[in-house]
Amino acid sequence: MSKNNSKPWDENWKIIENIGGGGQGQTYLVEPKNNSFPANKYILKRLNRQNDLERRSRMRREVVALETIDCPGIPKLIDSNSERFKNLDIPLYLVTEFIPGYTLSDFIKSEVMNIFSAVSLTIKLLDILEYCHQIGIVHRDIKPDNIIIKNNGISTPFLMDFGISFNKVDEYAKDLTPTWQQLGNRFFQLPELGEKSSLQRDPRSDITQICGILFFTITGKFPLYLLDSENGNKPHQREEAKQNLSVSPNLPESILSKINRVFDRAFEIKIDSRWQSISALEEVLIDILESENQEGDKTEKFLDRIHNKLSSYSNIEKKLFRTLAEKIIEHIGQAVRSLVYEDLDSNYFHVCMRGASERLRIVDWANLKFSQQVTGISCELSDEKFFPEFKGYATGNEFVLVSSIKGKEVELLRTSLSGEPDFNCFGKRLKEFYAEGVESIISN
């Protein structure tokens with residue numbers, strides 16, 4: 001501990017330059033004055049308001065977290081006097097390793113990322129976050145300014161600033177301030193991080209914030225809120241964000257629909273309805289990466305295979321939801337009949353239905369969802385039928401229809417609840433979907 005109480009860091013550290021700062025404190029690039037530390041460049045952070053006990057407690061909390069951490073994606077703690085945080089006469093500081101590169105905010109200023117680069121970065125960040133959660137640390141302040149892209153390469157992101165993190169040690173350490181204050185940041189305000197919330201220590205908030213980072217890297221926009229006050233749109237349903245997503249070069253519609261479904265779940269108001277685990281989110285993101293080179297229209301390919309084998313909630317009005325759902329079910333039946341009678345050989349293939357007619361039946365009106373097997377296709381050369389179950393749901397101001405094939409969920413339609421879908425495009429997607437399904441049930 002330095003005898004110089006006004007600048008205790010002066011004993012061991014020489015300031016090279018002032019990097020910048022914010023409301024919390026100032027940041028400097030430094031180097032050691034003596035052999036107490038390896039010769040290198042480091043980052044020194046000192047508080048602005050040294051007499052603010054809450055700010056001093058935050059720095060102490062950050063140091064406690066960094067003392068616990070040994071992860072390649074988090075800067076290592078080098079030096080600090082934060083254990084003296086209760087003594088207001090002693091200015092606090094901490095020193096960490098220096099990570100060269102831009103913050104994610106600056107990295108995105110010139111150009112947003114393509115979806116695949118953004119997903120790759122997100123997976124790297126999730127790996128860092130998983131390490132934190134495994135040792136009992138919840139970050140709670142994940143935003144672009146707290147992410148460094150080392151040497152400007154997205155393969156090596158660093159997660160910074162654990163000043164408002166929760167560490168399981170906090171439950172027992174009497175020298176740290178309570179966490180019953182407003183937490184989070186202006187980048188993305190989450191209800192569970194509000195004042196006196198019982199969920200302030202829930203790690204699922206970190207997962208939601210990471211999804212906010214994914215949204216930012218693709219659109220260049222802050223998510224801000226889960227729902228906007230004007231019309232109840234989620235971040236990815238706001239007009240400017242939708243335009244940014246839709247102009248991604250050479251992006252297959254199937255990839256865009258997968259990204260939208262990631263956001264559908266990530267931006268639910270209730271935390272129990274969002275992504276519940278890092279592993280579940282990573283699985284979906286990895287699937288997006290693996291789909292990078294998938295082809296667009298596959299209907300003809302699936303039809304050729306068949307012939308070869310044969311020769312060898314919300315506040316939206318319920319009426320609006322019902323009307324759209326009934327139209328969609330009707331078009332599913334039309335697409336199946338068109339495929340069987342116009343593209344396949346009706347001597348081998350037959351249309352089959354559940355019940356006497358194609359009508360909307362199993363509806364969860366409270367959550368604006370339906371789940372139903374509508375129309376299937378049977379084949380005389382196989383004992384199996386392709387009889388998919390369709391699930392429709394309202395999310396924000398949109399209606400989404402999904403089904404599954406070969407164990408994977410497929411989005412078939414995403415449209416405004418108050419608009420008229422492009423049924424021509426929808427019909428083509430349905431025919432492709434059913435053609436792939438029929439091909440899968442025919443034995444070689």
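The values are calculated or read from the model by the stated rules, or taken from the named source; none is laboratory data. Since the structure is predicted, the reported quantities are computational estimates derived from the model, not experimental observations. For neighbour counting, all protein chains shown are included, and Cβ atoms are generated from backbone atoms with ideal geometry for every residue, glycine included.
Here S205 meets the list (1) modelled with pLDDT of 85 or more; (2) crowded, with 22+ Cβ neighbours inside 10 Å; (3) more than 19 Å from the chain's Cα centre (by Cα) almost entirely, failing just condition (3). Inspect the stretch 392-405 for any residue being at pLDDT 85 or above, assigned to a loop (DSSP other than H, G, I, E, B) and among the aromatic types (F, W, Y) and give the result as yes or no. Within the stretch 392-405 (the criterion being at pLDDT 85 or above, assigned to a loop (DSSP other than H, G, I, E, B) and among the aromatic types (F, W, Y)), the answer is no, since none of the residues qualifies. Listed conditions (1) at pLDDT below 95; (2) of a type in the set (A, V, I, L, M); (3) closer than 30 Å to E31 by Cβ are all met by L159, apart from (1).
The residues in the stretch 258-293 that are at pLDDT below 70 and either touching a strand residue (DSSP E or B) at 6+ places or on another chain (Cβ under 9 Å) or not in a loop (DSSP other than H, G, I, E, B) (or both) can be counted, and the count is 0. Look at I154 and say whether it is part of a loop (DSSP other than H, G, I, E, B) and modelled with pLDDT of 90 or more. Criteria not met by I154.
Exactly one residue among L226, L199 is modelled with pLDDT of 85 or more, of a type in the set (A, V, I, L, M, F, W, C), in a loop (DSSP other than H, G, I, E, B) and under 13 Å from the mean Cα position of the chain (by Cα), and that residue is L226. Here is a check on your reading of the model: is R359 at pLDDT below 85, closer than 27 Å to N397 by Cβ, of a type in the set (D, E, K, R) and surrounded by fewer than 16 Cβ atoms within 10 Å (Cβ to Cβ)? It is true that R359 is at pLDDT below 85, closer than 27 Å to N397 by Cβ, of a type in the set (D, E, K, R) and surrounded by fewer than 16 Cβ atoms within 10 Å (Cβ to Cβ).
Residue by residue, here is whether (1) of a type outside the set (F, W, Y); (2) over 30 Å from I218 (Cβ atoms); (3) in a strand (DSSP E or B) holds:
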{"residue": "K45", "(1), (2), (3)": "yes, yes, yes"}
{"residue": "P75", "(1), (2), (3)": "yes, no, no"}
{"residue": "P91", "(1), (2), (3)": "yes, yes, no"}
{"residue": "L94", "(1), (2), (3)": "yes, yes, yes"}
{"residue": "I99", "(1), (2), (3)": "yes, no, no"}
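Of the set (1) among the small types (G, A, S); (2) at pLDDT below 90; (3) under 21 Å from L324 (Cβ atoms), all apply to S443 but (3).
When only residues in the stretch 294-352 that are modelled with pLDDT of 80 or more, in contact with a Lys or Arg (Cβ under 9 Å, 6 or more places away or on another chain) and β-branched (V, I, T) count, which is surrounded by the fewest Cβ atoms within 10 Å (Cβ to Cβ)? Applying the filter and picking the extreme gives V351. How about the stretch 147-163: which of its residues are in contact with a Gly (Cβ under 8 Å, 6 or more places away or on another chain) and over 10 Å from L121 (Cα atoms)? The answer is I148, K150, N151, N152, F158, L159. Here E420, E411 are screened, and the one residue that is outside the structural domain of D264 (by TED's automatic domain parsing), within 23 Å of P252 (Cα to Cα), out of contact with any Gly (no Cβ under 7 Å at 6 or more places or on another chain) and not in a loop (DSSP other than H, G, I, E, B) is E411. Going by what's in this entry, would C211 be described as over 17 Å from the mean Cα position of the chain (by Cα), surrounded by 20 or more Cβ atoms within 10 Å (Cβ to Cβ) and at pLDDT 90 or above? So C211 fails the test. Filtered by the rule that a residue be surrounded by fewer than 19 Cβ atoms within 10 Å (Cβ to Cβ) and of a type outside the set (S, T, Y), the stretch 272-284 gives D272, Q276, A280, E282, E283, V284. Here is a check on your reading of the model: is D70 at pLDDT below 90 and either of a type in the set (D, E) or surrounded by fewer than 18 Cβ atoms within 10 Å (Cβ to Cβ) (or both)? When the stated conditions are applied, D70 passes them. Of all the listed residues (V119, V112, V63), the sole one being of a type in the set (V, I, T) and either out of contact with any Leu (no Cβ under 7 Å at 6 or more places or on another chain) or surrounded by fewer than 21 Cβ atoms within 10 Å (Cβ to Cβ) (or both) is V112. Would you call D202 within 17 Å of V119 (Cα to Cα) and acidic (D, E)? No: the conditions fail for D202.
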